[in-house]
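The values are calculated or read from the model by the stated rules, or taken from the named source; none is laboratory data. What you see is a predicted model, and the numbers here were worked out from it, not measured in a lab. All Cβ positions, glycine included, derive from the backbone under ideal geometry; neighbour counts span all protein chains shown.
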């Protein structure tokens, strides 16, 4: 299955990067710069848009700023300059109390999984629903079905530490999508798994994209990038370039 | 696909697990410190109560009474004069009682300084009349002075004014010190808990990060720490209160000479003591929960 390559645009000098129909833009960056504290600027004049339903790779060497860019997207940090929009909202204008609602519309998968080790696979996957205030009786069956969908039904009550890297990453993906986020971000999702598992995880991301989730995968694994004809954003020294391979 | 694969998997039974992992080892020193602080706070509260009660008693004793000192004079029987005058004073409006004390009573009052072997018979020792008043503000000083003058008795009337001011100041100071000590201990407990909550958040940063990423609010994350520290505060409070009650009981039972122990807490089994000791775990839990919540929320605001 081919990923949806259309709907992605990037401009390093965009004056108005946001289209008329903002509802179709999941995330928009306009001349965004970012630095940690008083350190050097990690991201420089980054402008791009992620449109609903798109599948995009973000590549670049270590230290290029991929993780920092993702942190801005999942609102772990604020931009030092420029405009960042999430679902049509300028995040700089949002109050802190508004952020959790937006974060719930974004699923995040990390290379190092970030599971809660004292919780079972089921409890980890159910975490976003639980913090959203849903009752266990309302989500238990859906969560169990999702765990089954990622092929871990027999590990429902296992602790993450007892699972392989690939299995833990599938738990992380299930957790990221359990509340049906509009955007799924993955930071080096195949970094701790073997090539065969990497291909299987990629198929999982493609399947989620086919179901309507916007997907952004940050990776330096070019094998993974070559496996799909999806657009690629490349970061080098904090600057973003774009290559739409479907064009 | 087999039938087993078609069947939807059953979710695990049981309730949701705790989001904060058990942290018993890390919490133990905090529990001990908190229990000691609650123990000290309970002693301070009992001490404050004891000081308050004692000072009220001292003030009541001073304000509600007068003392007449009859100086012995040549050719008069001071003991008999005291009895006669006491009878007259007792009939004066505003006086509830007038008790004549003997020379032997006066010698007993002087015993701490002169010993119990008796004073020389020719040593002029004043004889006292202890007068109780109906209204502390309405002492009939003039009437009593008239009685003494009419009887031709050389005597002084002591309305305790010079003592009561000093005692009032000392009582006020003792109360302030007791409540200041209590406030300091509560403040120290709150600071210790806040420090521990911050350390706990740092130690559980992975949990806080994971919760934030999946959309948890600051309030939700702080609530987890708040509940944990409330529970710890309750347990530490119960332990501290029980030890404080035991100490107070030991003092009450073992300290028969209450005058020598008035700076130590005194357990009177009054409603105040029972309520204070019973409420200590709740107050400790509340202080711990509030400190932890405020500390974690402040820390989270700095972080994200």
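Of the residues making up segment B:26-60, those that are at pLDDT below 85, more than 9 Å from the chain's Cα centre (by Cα) and buried (at least 22 other Cβ atoms within 10 Å of the Cβ) number 1.
Here is a yes/no grid of residues against (1) in contact with a helix residue (DSSP H, G or I) (Cβ under 7 Å, 6 or more places away or on another chain); (2) modelled with pLDDT of 95 or more; (3) within 20 Å of residue A:31 (Cβ to Cβ):
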residue	(1), (2), (3)
A:61	no, no, no
A:68	no, no, yes
A:77	yes, no, yes
A:100	no, no, no
A:113	yes, no, no
A:127	yes, no, no
A:152	yes, no, no
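Restricted to segment B:219-256, and to residues there that are within 14 Å of another protein chain (Cβ to nearest Cβ) and touching a residue at least 24 places away in the same chain (Cβ under 8 Å), the residue that is nearest to residue A:71 (Cα to Cα) is B:221.
So that you can scan it fast, the table gives a plain yes or no per residue for (1) touching a residue at least 12 places away in the same chain (Cβ under 8 Å); (2) under 27 Å from residue B:216 (Cβ atoms):
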{"position": "A:49", "(1), (2)": "yes, no"}
{"position": "A:54", "(1), (2)": "yes, no"}
{"position": "A:57", "(1), (2)": "yes, no"}
{"position": "A:61", "(1), (2)": "yes, no"}
{"position": "A:69", "(1), (2)": "yes, yes"}
{"position": "A:74", "(1), (2)": "yes, yes"}
{"position": "A:80", "(1), (2)": "yes, yes"}
{"position": "A:85", "(1), (2)": "yes, yes"}
{"position": "A:98", "(1), (2)": "no, yes"}
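Select from segment B:61-86 the residues that are outside any loop (DSSP other than H, G, I, E, B) and free of Cβ contacts under 8 Å to residues at least 12 places away in the same chain and write down the one among them that is surrounded by the most Cβ atoms within 10 Å (Cβ to Cβ). Taking the candidates together, the pick is B:61.
Within segment A:49-59, track down each residue that is out of contact with any helix residue (DSSP H, G or I) (no Cβ under 7 Å at 6 or more places or on another chain) and more than 20 Å from residue A:238 (Cβ to Cβ). If the condition is that a residue be out of contact with any helix residue (DSSP H, G or I) (no Cβ under 7 Å at 6 or more places or on another chain) and more than 20 Å from residue A:238 (Cβ to Cβ), then A:53, A:54 are the ones that fit.
If you go through segment A:143-167 and keep only what is facing another protein chain (nearest Cβ under 9 Å) and in contact (Cβ under 8 Å) with a residue 24 or more places away in the chain, you end up with A:143, A:147, A:156, A:157.
Being more than 10 Å from chain B (Cβ to nearest Cβ) and either outside any strand (DSSP E or B) or under 30 Å from residue A:32 (Cα atoms) (or both) narrows it down to one residue among A:130, A:170; which is it? Testing whether each residue is more than 10 Å from chain B (Cβ to nearest Cβ) and either outside any strand (DSSP E or B) or under 30 Å from residue A:32 (Cα atoms) (or both) leaves just A:170.
If you go through segment A:167-181 and keep only what is out of contact with any strand residue (DSSP E or B) (no Cβ under 6 Å at 6 or more places or on another chain) and surrounded by 18 or more Cβ atoms within 10 Å (Cβ to Cβ), you end up with A:167, A:168, A:169, A:170, A:171, A:174, A:175, A:178, A:179. Within segment A:72-119, if we keep just the residues that are in a strand (DSSP E or B) and facing another protein chain (nearest Cβ under 9 Å), the residue that is surrounded by the most Cβ atoms within 10 Å (Cβ to Cβ) turns out to be A:107.
Scanning segment B:172-218 for residues that are surrounded by 17 or more Cβ atoms within 10 Å (Cβ to Cβ), within 14 Å of another protein chain (Cβ to nearest Cβ) and closer than 28 Å to residue B:281 by Cβ turns up B:204, B:207, B:208, B:218. Would you mention how many residues in segment B:118-162 are free of Cβ contacts under 8 Å to residues at least 12 places away in the same chain and part of a helix (DSSP H, G or I)? The total comes to 6.
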